[in-house]
Structures are given as structure tokens and as C-alpha cells.
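Below you'll find the structure, written out as C-alpha cells, and then a few comments.
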Amino acid sequence: MSAARKLACVVLLAVCGVSLAADWLAPAGYARQFREFPGSPPSRQHLLGTDEIGRDRFARVLYGTRISLLLAPAAALVSTFLAALVGGLAGYLGGIWLRIATGFTDLFLSLPWLFLLITVRALLPLNVSPLFSVLITFFILGLLGWAASARVLSTSADSLRNSDFVLQARASGLHGPRLFFVHVLPNLRPVLYAQFWISIPVFILSEANLGILGLGVAEPLPSWGSLLRELEGLVSFREEPWRLVPLVLLIVVLTSFQLVLSNEELTA
Amino acid sequence: MLLSKIARHLAALAGIVLLGGLLSATLVRLAPGFDSDERAFDPSLNAESVHALREARAGERNVLHFYAAYLRGALHGDLGTSHALGQPVQNLLRERWPVTLRVAGIGLLLGWLLAVTLAFTACLWRRTAYDLFGTALSGALLCIPAAVLALLSVILNAPGYLAIALIIFPKIYRYARNLLAKAYALPHITAACAKGLSELRVLLWHVVPVVAPQMIALAGITVSIALGASIPIESLCGLPGIGQLAWQAALARDLPLLVNITVLVTLVTLLANSGADVMIHMLRPREA
């Protein structure tokens with residue numbers, strides 16, 4: 001493991017650890033308003049100052065990081081499962097099934113991601129509870145983000161279907177689900193793992209875009225998207241540099257995700 | 001051969017647009033509140049008028065009838081009316097489309113220019129520091145959401161197309177850099193370098209023909225990325241284009257407008273990809 005990869009793992013673990021300790025590090029919580037200090041600069045009580053309505057920015061960053069870092073992998077899990085179901089099975093079955101799945105995947109991939117995302121998000125009510133909004137946002141991301149992974153998985157499963165060991169297993173009388181689950185699926189695991197890992201930063205970025213546009217997680221629940229929305233009112237970087245902390249944290253985390261995957265895994 | 005390829009692309013295009021349209025019509029039909037008409041809540045209307053309003057919408061309940069009516073209208077240039085803006089969709093698209101074309105077009109041009117220049121000079125120069133700079137810059141830009149780049153361009157008073165250029169730059173740079181590195185490792189290019197051909201001649205005569213097909217394919221994909229980026233850029237930079245219209249439609253849950261925009265953008269994306277594919281086919285050397 002290279003030094004950069006090790007460092008990236010340490011950074012990710014540290015960020016996850018600190019965000020999980022949010023209840024202990026920021027006991028005031030993300031929604032409590034300190035009405036006497038709206039928009040205040042960093043101080044001993046509020047390490048990153050407060051937002052326009054007096055909420056502690058440090059607490060919001062911690063809780064927002066926790067939400068994004070917990071739910072983006074959950075969405076990646078949904079999309080990887082769907083990709084395995086569509087791409088993996090189609091590649092394993094081959095023939096007409098593979099052609100149908102490829103056509104369907106191509107149709108899905110030709111729809112521009114952000115346009116599709118906001119169309120489906122707009123189908124659902126915007127005035128829902130914060131918890132429902134966060135679940136719905138990440139669930140939509142997972143539900144719509146399967147196509148690219150399915151394409152990769154169908155190609156891998158197709159090549160496995162024609163491999164010598166699968167041919168031998170088939171000649172030995174192994175067919176159907178047993179052949180798929182015992183021989184094909186375990187060999188698809190590295191591709192599934194790579195696709196899962198690649199999807200996480202994509203979903204974090206997509207949630208951030210949706211959040212800034214007001215189509216993501218509802219207030220007062222914080223997420224990286226809603227935290228970055230605060231940049232809208234920023235006049236200059238010099239005046240309030242602490243407001244850039246969520247952006248810096250996002251860049252650090254996404255860079256770490258990029259570094260954790262090796263080039264071979266990224267091209268898998 | 002070329003004509004049959006173009007025909008195949010056009011048939012696929014028509015099929016995908018028709019299927020995409022059906023999918024969109026189904027989404028609109030299934031959306032909560034589709035059946036309700038706010039005019040029915042007008043207290044000045046009598047029971048007969050309310051009944052007439054409901055009857056008028058009855059034909060829209062069946063998805064296939066609804067889609068057939070939409071297609072009939074679309075063939076005559078009628079894409080329906082925006083619920084939120086109260087204007088015909090085709091008028092809105094006609095007004096907004098030139099802005100998006102201009103912003104995305106200039107952004108694409110700038111992004112490509114920057115990425116290709118940096119990738120080519122990195123290959124010609126072969127300095128580790130320069131290469132690292134390009135990799136670090138593209139890596140950092142890949143980690144910034146498009147909406148944040150839009151906000152930063154507002155704060156810095158930079159034009160919207162610059163944000164689009166910075167969004168597509170890292171994708172092109174990384175791909176082009178890898179392609180060039182692989183091309184330079186090819187035996188015939190190594191031989192050309194060993195024979196003492198100038199760097200520029202090797203690049204233009206031997207490297208560019210090898211990487212051109214994949215770069216053209218990438219050009220098709222970047223059109224889709226630029227159009228996708230137009231939503232946050234136009235919305236946050238106050239540019240009255242298709243992206244801003246899509247955002248307004250999403251906030252107002254104006255599904256007919258949103259669906260038409262998505263179908264239009266899909267059509268442009270597919271046209272760009274098909275155009276790239278046909279171009280690659282034309283550039284491919286013919287077998288004797």
C-alpha cells in the first residue's frame with residue numbers, strides 16, 4: 001500500500017471517527033439556535049462561528065459530515081445491488097438478456113444525470129420532514145446511479161460466462177443459480193467492490209449539488225449540500241474564511257476517496 | 001456503409017427519444033396531484049363547470065392516451081403549457097436555448113483548449129513538477145461540486161462559461177493525459193522518436209492519429225457533462241437558459257416542462273454522441 005493510500009485511509013477514518021463523536025464533541029446539536037449570536041465569528045464557544053440564524057457551525061459540519069458519510073455508502077450499496085442484479089445477471093445469462101440489458105442501460109446512460117435527478121426529485125413532495133427528505137434524496141441517488149456500474153458488471157460477467165472454469169463447472173452438471181452464486185458472483189466481487197467505492201464520491205457530489213440548489217436535504221438537518229449553500233451569501237473569502245471549512249473538508253474527503261482506490265481498481 | 005451507420009444511429013435516436021418520452025409521460029401521469037386542477041377549487045364555479053373540468057382531464061388518465069396526445073401535439077409543434085410559468089413550453093425553450101448553447105459552447109471550447117494544451121505540453125515537456133501540477137489541479141477540480149464552482153464564479157465575478165470549462169477540464173485532462181502516455185509507449189512511436197524525428201512531428205504525424213478516435217468519443221460525452229452542469233451554473237449565476245428553466249420547473253414541480261427539457265437535452269446528447277461515432281467511422285482507415 002502506497003504512503004498516499006495509507007494517508008487517505010487515515011484521513012477517512014479520522015473524519016468518520018470525529019463525525020461519529022458529534023454528540024460528544026458538539027453537545028448543543030445542529031438545530032439549537034443561539035439567538036444572541038447570529039452570524040458570529042469563531043470563538044471558544046463556537047469554533048467555526050454561527051450561521052445567520054445563530055446555529056453552531058461546528059456542530060452542523062460534524063452532523064452534516066456524519067449524514068453524508070453514512071448515507072452515501074448506503075446509496076452506493078443500493079446502486080451496486082441494482083447493478084449486480086441487472087448487469088451481473090444479464091452478463092451471466094448472455095444472449096437476448098444481455099442485449100436487452102445493454103439497450104436499457106444505454107437508454108438510462110443517455111439521460112443526463114442531473115436532469116434526470118431533479119426530474120425524479122421533483123416528482124416527490126418537497127415539503128416533507130427533514131428525515132424523510134434525507135432518506136429520499138440518497139435513495140433516489142442509489143436508485144438512479146446503477147447504470148454505469150451495470151455496464152461494467154455485465155461486461156465482466158459476460159467474460160466470466162465464457163471462461164474455462166465456468167465451462168468446466170457447466171460440463172460437471174452445475175447450472176442455474178448455484179453456478180451463478182457459487183462460481184460467478186465471487187469472481188465479480190472485486191468489480192462490485194470497485195464500483196461501490198467509486199459510487200460513494202459521485203453520490204456525495206450529487207447530494208451537494210442538489211442541496212445547494214434547494215432540492216436536497218430539508219432544514220434543519222445538515223448535510224454537505226445544505227452546508228455549502230451558505231457560500232451563497234459570501235461576499236469575499238477574506239472576510240469570513242471559516243465559512244469555507246465545509247468545502248475544504250469535502251475536497252479532503254473526496255480526494256481521500258480517489259486515493260484509496262488504485263488505478264487498476266478505478267479502471268476495473 | 002457510412003449511410004447505413006447514420007441510418008442505424010437515427011433509428012436508435014428515434015427509438016430512445018420515443019421510449020424516453022413514454023417514460024417521462026408515465027412519470028408525469030404517476031406524479032402526486034396530477035389529477036387535481038386548482039381551477040376546480042374556485043368557489044365561483046358551479047358544479048357543472050367543475051364536472052366539465054374533470055371531464056376535460058379524464059382523457060389524460062390513461063398513460064398511453066396521454067402519451068399519444070402529447071406526441072400528436074409535439075408533431076404539430078405543441079409541447080404543452082408550463083403549469084408554473086403559464087406559457088407554451090415551445091416558446092420557453094425557444095427563448096432559453098440560445099443562452100445555454102452560448103454558455104455551454106464557450107465553456108466546452110475553453111475547457112477543451114485548457115485540458116488539451118496542458119496534456120500535450122505535459123507529454124512534450126516531460127517535467128515531473130509540471131505533470132504533478134496538472135494532476136493535482138484536475139484532482140482538486142474533480143472534488144468540487146459544479147454548484148460550488150458556480151457560487152465561486154459569482155463571488156469572483158467570473159463568467160458562467162468559465163465554471164463550465166473548469167467542470168469539464170479535469171475529465172478531459174485525465175483522459176487525454178492517459179491516452180497520450182499510452183500512445184507514446186507504442187513501439188512505432190518509440191521508433192520514430194529514436195530515429196530523431198522532431199517532437200512536434202511525432203506528435204502531429206504519429207500520436208494524434210492514434211488518440212483522435214477516443215478524443216472524438218470523449219467530445220460527445222463532454223457535451224452531456226456541459227449540459228448537465230448548466231443547471232447549477234445558470235441557476236446560481238442568474239443566466240436565463242435551459243438549466244435555470246429546469247431548476248425553476250423542479251422547484252415548482254412543473255413536470256410537463258421538466259420532462260420536455262429532459263427529452264430535449266437527451267436528444268442533443270444523443271446527437272452529439274452519434275455525431276462523434278460517425279466521425280470516428282469516417283476517420284477509420286479503410287482496409288484494402
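Computed from the coordinates by the stated procedures, all read-outs in this text should not be read as laboratory data. A quick note: this is a predicted structure, and the numbers were derived from the prediction, not measured. Cβ placement follows ideal geometry from the backbone for every residue including glycine, while neighbour counts extend to all protein chains displayed.
For peptide B:136-147, the mean count of partner chain Cβ atoms within 10 Å of a residue's Cβ comes to 6. Each 10 Å bin from zero holds the following percent of Cα-Cα pairs in chain B: 6, 21, 26, 21, 14, 7, 3, 1, 0, 0. Annotation for region A:23-68: trypsin sites (Lys or Arg not before Pro) lying in DSSP loop with at most 14 further Cβ atoms inside 10 Å of their Cβ are A:Arg32, A:Arg35, A:Arg44.
Note on B:246-254: average number of Cβ atoms from other chains within 10 Å of each residue's Cβ is 5. The trypsin sites (Lys or Arg not before Pro) of region A:177-247 meeting both criteria, a DSSP state outside H, G, I, E and B (loop) and at most 15 other C-beta atoms within 10 angstrom of the site's C-beta, are A:Arg238. Based on the reciprocal of the average 1/r between different C-alpha atoms, the Kirkwood radius for the protein assembly as shown equals 26.0 Å.
Return the average number of partner chain Cβ atoms within 10 angstrom of each residue Cβ along peptide A:213-226. List each step's numbers first, then the result.
On the way: counts 11, 4, 4, 0, 0, 0, 0, 0, 0, 0, 0, 2, 3, 0.
For this peptide, the per-residue mean of nearby foreign Cβ atoms is 2.
Here A:Lys6 is the anchor, and the lysines within straight C-alpha reach of less than 26 Å, apart from those fewer than 8 places off in the same chain, are B:Lys171. Distance from the Cα centroid of region B:187-257 to that of region B:82-125 is 10 Å (rounded to whole angstrom). Does anything in region B:153-178 have its amide N under 18 Å from the 7 Å Cα→Cβ label point of B:Val116, and if so which residues? Backbone N within reach: B:165-178. A Cα-only calculation for region A:1-146 places Rg and Dmax at 20.8, 68 Å.
For A:Asp56, A:Asp23, the sequence from fewest to most other C-beta atoms within 10 Å is A:Asp23, A:Asp56. Semi-axis lengths, largest first, of the ellipsoid equivalent to chain A are 42, 20, 15 Å, with √(5λ) applied to each eigenvalue of the Cα gyration tensor. When each of the peptides B:223-230, A:6-13, B:196-203 is scored by the mean number of other C-beta atoms lying within 10 Å of its residues, the order from highest to lowest reads B:223-230, A:6-13, B:196-203.
Counting other Cβ atoms within 10 Å as a rough exposure proxy, the listed residues A:Trp224, B:Trp97 run B:Trp97, A:Trp224 from fewest neighbours to most. Among B:Leu218, A:Leu85, sorting on how many other beta-carbon atoms sit within 10 Å of each Cβ, with the fewest leading, yields A:Leu85, B:Leu218.
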